[in-house]
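Below is one structure, written out as structure tokens; comments come after it.
The values are calculated or read from the model by the stated rules, or taken from the named source; none is laboratory data. Predicted model, so just to flag it, every value in this text is computed and none were measured. Note that we place each Cβ from the backbone using ideal geometry, even for glycine, and neighbour counts take in every protein chain shown.
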Amino acid sequence: MKEEPGILKIVKEDILRILAENNNKVIEKSLKPHIKVSDYFIDKAIIEMVRDKLISSSGQFMELTGGGKIKAGNILKKHLVIEKYFEDLKSKKEAHRISNLIEHYISEEVMENLEKLSTFKEKGASLVKFDKGECFITDIISSNELFERLISMGIFPGEKIKIIRDLPNGLIFSIRNKKVFISDEIAKSIRVLAYEKE
């Protein structure tokens, strides 16, 4: 199974975050409603995390070890930064759902940018009004379906993009060394600020 390492990584991070949110200890059965994968992946993740000394497990209770607390704390911090960013734009429940969706995929650089951008969300301009050059995505104002589609393409608030070409019905930009075309209609939902090198 080629996707297994990716799924296992996500399941492990989810388990660690849930443990951190619950004072470092949970009943193992309580994980299953919160992690939407087969029992196989949950069981395999637990076995590997016990082996890696991130958690201890009695079969009924699971608890973070010293090393697990550090890793879980970092994962929870990332989750909370993302959640805080989206709370102003969405409901608390929706912000939590979005954070669960993207926390596994964004880099430390994007995390730092999100923390900085929290004060600039209202100041971003529509991507269609931006000239060629580098900018940060400050917000994505769209339906949940379009938002999730953009996230699946690696287009997040906090990401740096470079506009390459403006076309009659859309534009081409680069993000993380790949070129993306989006229509003007979608570009209108993406707000950006000019990127200024420090």
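State yes or no: is Lys93 surrounded by fewer than 18 Cβ atoms within 10 Å (Cβ to Cβ) and either over 26 Å from Phe147 (Cβ atoms) or not assigned by TED's automatic domain parsing to the domain that holds Phe156 (or both)?
yes
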Requested in this report: Could you tell me which numbered condition Lys178 fails, if it satisfies all but one of (1) in contact (Cβ under 8 Å) with a residue 24 or more places away in the chain; (2) closer than 28 Å to Glu87 by Cα; (3) surrounded by fewer than 14 Cβ atoms within 10 Å (Cβ to Cβ)?
Outcome: (2)
Report task. Determine whether the range 2-13 contains at least one residue that is surrounded by fewer than 11 Cβ atoms within 10 Å (Cβ to Cβ) and at pLDDT 90 or above. Result -> no
Query - Within the range 120-161, tally of residues that are within 14 Å of the chain's Cα centre (by Cα) and part of a helix (DSSP H, G or I) - result: 6
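For the range 110-125, name all the residues that are of a type in the set (D, E, K, R) and either at pLDDT 75 or above or closer than 19 Å to Asn144 by Cα (or both). Even if it seems obvious, please write down each step before you answer.
We begin by selecting, within the range 110-125, every residue of a type in the set (D, E, K, R); these are 112, 115-116, 121-123.
The one that is of a type in the set (D, E, K, R) and either at pLDDT 75 or above or closer than 19 Å to Asn144 by Cα (or both): Lys121.
Here are some residues: Ile55, Ile42. Which one is buried (at least 17 other Cβ atoms within 10 Å of the Cβ), in contact with a helix residue (DSSP H, G or I) (Cβ under 8 Å, 6 or more places away or on another chain) and touching a residue at least 40 places away in the same chain (Cβ under 8 Å)? First the steps, then the outcome.
Details: Ile42 fails: touching a residue at least 40 places away in the same chain (Cβ under 8 Å).
So the residue among Ile55, Ile42 that is buried (at least 17 other Cβ atoms within 10 Å of the Cβ), in contact with a helix residue (DSSP H, G or I) (Cβ under 8 Å, 6 or more places away or on another chain) and touching a residue at least 40 places away in the same chain (Cβ under 8 Å) is Ile55.
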Requested in this report: Specify which of the listed residues (Ile46, Ile10, Ile82, Ile35) is in contact with a His (Cβ under 8 Å, 6 or more places away or on another chain) and not small (Gly, Ala, Ser).
Outcome: Ile10
